[in-house]
Amino acid sequence: MSEPLACEIVTPSGRLFSGEAEYVSAPAAEGDIGFLHQCAPFMSTLKRGAVRIKETMAGEDADVFAVNGGYVEADGRKVVVLASHAINVAEVDVEIAQERIAANEQRLAELSEDDSRAVFIRDEIEWQNYLVTLVGQPA
Amino acid sequence: MPNLRDIKRRINSVESTKQITRTMEMVATAKIRRATERIVEATPYALAMVEVLGAIASRSAAPSSPLLVVRDPVKRIALIVVTSDRGLAGGFNSNILRAADRFIAAKRAEGVECDIIACGKKAIAYFKYRKLPLLLSFRDQSADPQISQAREIATTVIDEYVSGKVDQVVVFYNHAKNVADQVATSDVILPVEKVEYHEIGEEEATTVHLDESAKVAAAASSALMAEAKSSAGKVTSASEAQGDFDYEPSAEEVLDALLPSYVETRIFYALLDSAAGEQGARRKAMKSATDNATDMISTLTRVYNRARQGAITTEITEIVGGAAALEEE
């Protein structure tokens, strides 16, 4: 096993993951990017997508986190993912997600056309939809 | 002489008020813990963001983002006033509202107009009563602020700022200095000043001292902060060392995306700070209310006993007097 990479995923509601991994991939602005130990310093915005953490290169994904946009910073030793919303895919509850989609669609229907809040609600619906599809996929 | 039954009724009423205030005090104490934990939880995110921001900002020479441009003269200011939804928290809300009111009055005198964003029912009621228009208002969220609320506020003020409708954005909130003390604070959040990058870390390190149990976290976060600072310092002193970062799409674009998130984080922090302060203020207010009730009960009990004793004495005197009068006959 090559040298491990420290990895952190932080959100405003807490540190979601902090540990070591051999390989981390993130959905960067211009496409998914993978990080290994001693990779070149890199910083990017993130799209909505999945951050995958592998303890060993050959193995399965140890942890998969869904992020709703954010930032990634890597300096060869450490990868830091900053996300306003993130969740471990293993903890996603499809029923709750679907309830939220329904609740938000109702809120959206009640708002007037030009309400500034509609943007956020649509984003929330898309995010929850994304979570549902992510869970639906075989790992 | 006060009526015995009236005094008894008052004692009972004070007693039940005391029960309520004591319960509220205990509830607030429990909630302080939760509110403090939320601040501690949010700290790594804020620190990481400050670190990233510091690294980029010191790299790009000229402030390209409109959020960094300082405008002069300031003609219109957006005010974010953070209060609680519930009362019974002592001077918690009135301190903030008074500070905001004074600020508005002072700015009016200079010919500067103010737009208000009210967070918390108390602020909404206050400004509605004064017939000041509200740009945005939030209710029922003061005890449990969500990042989505901060995002909504941030998006609105950034839009207003970039479009030139407002030239400055100021947030008024109660900073929970420690469990007992709340300081009415006002921070300029737009334009973003470069010096500010470090402030959030320092501010939170003091807030974290709220609770004994949070001390460990405080130590951890101050260590992190030192790290953030030293790395930021490294960049300024030897920009080559970290200057070879690859940015996607580009350094400027990352900075442009990061600044709104930074504004959002600062607003979120103000909301969290205020939520912790609210519980602290309520506990203090309810503690003194409970103490006052205890004092009042003991005073009233004394009055009650004296009145009862007085009544007994009068009765005895009457009986003795009556008996003596009978004997004389």
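Assorted remarks:
- Here the Gaussian network model covers chain A, with springs between Cα atoms less than 10 Å apart; of A:16, A:82, A:46, A:16 fluctuates the most.
- Between helix A:118-136 and chain A there is an angle of about 50 degrees, using the helix long axis and the longest principal axis of the Cα atoms.
- Between residue B:288 and residue A:77, the FRET efficiency from the beta-carbon distance, with R0 = 41 Å, is close to 0.20.
- Chymotrypsin sites (Phe, Trp or Tyr not before Pro) within region B:113-157, DSSP loop, no more than 10 other Cβ atoms inside 10 Å: none
- Selected from A:25, A:44, A:13 as most flexible by GNM, with chain A as the system and alpha-carbon contacts under 10 Å: A:13
- Exposed GluC sites (Glu not before Pro) absent: longest stretch of chain A, with sites in DSSP loops and at most 11 other Cβ within 10 Å deemed exposed: A:61-112
- Summarising the label geometry, the points placed 7 Å from Cα in the beta-carbon direction at residue B:69 and residue A:18 lie 4.0 nm from one another.
- Extension gain from residue B:165 to residue B:314, taking 0.36 nm per residue of separation minus the Cα-Cα distance: 45.7 nm
- Between residue A:112 and residue A:56, the modelled labels are 6.2 nm apart [label points 7 Å from Cα along Cα→Cβ].
- On the basis of the beta-carbon distance and an R0 of 51 Å, residue B:296 and residue B:106 show a calculated FRET efficiency of 0.80.
- Listed residues A:26, A:66, A:109, most fluctuating in chain A (Gaussian network, C-alpha, under 10 Å): A:109
- Calculated FRET efficiency for the pair residue B:306/residue B:144, C-beta based, R₀ 51 Å, to 0.05: 0.55
- Over the protein assembly as shown: helical MRE at 222 nm, DSSP H runs n ≥ 4 each giving -39500 (n - 2.57), nearest 500: -19000 deg cm²/dmol
- Label-point gap, in nm, between residue A:102 and residue B:34 - each point 7 angstrom along Cα→Cβ: 2.6
- The angle separating the long axis of helix A:94-110 from the principal Cα axis of greatest extent in chain A is about 40 degrees.
- Within region B:120-164, trypsin sites (Lys or Arg not before Pro) in DSSP loop having at most 16 other beta-carbon neighbours inside 10 Å: B:130, B:131, B:139
Only the coordinates and a few stated rules stand behind these numbers; no lab work does. Here the structure is a predicted model, which is why all the values come from computation and not from measurement. Please note: Cβ atoms are built from the backbone with ideal geometry, for glycine as well, and neighbour counts cover all protein chains shown.
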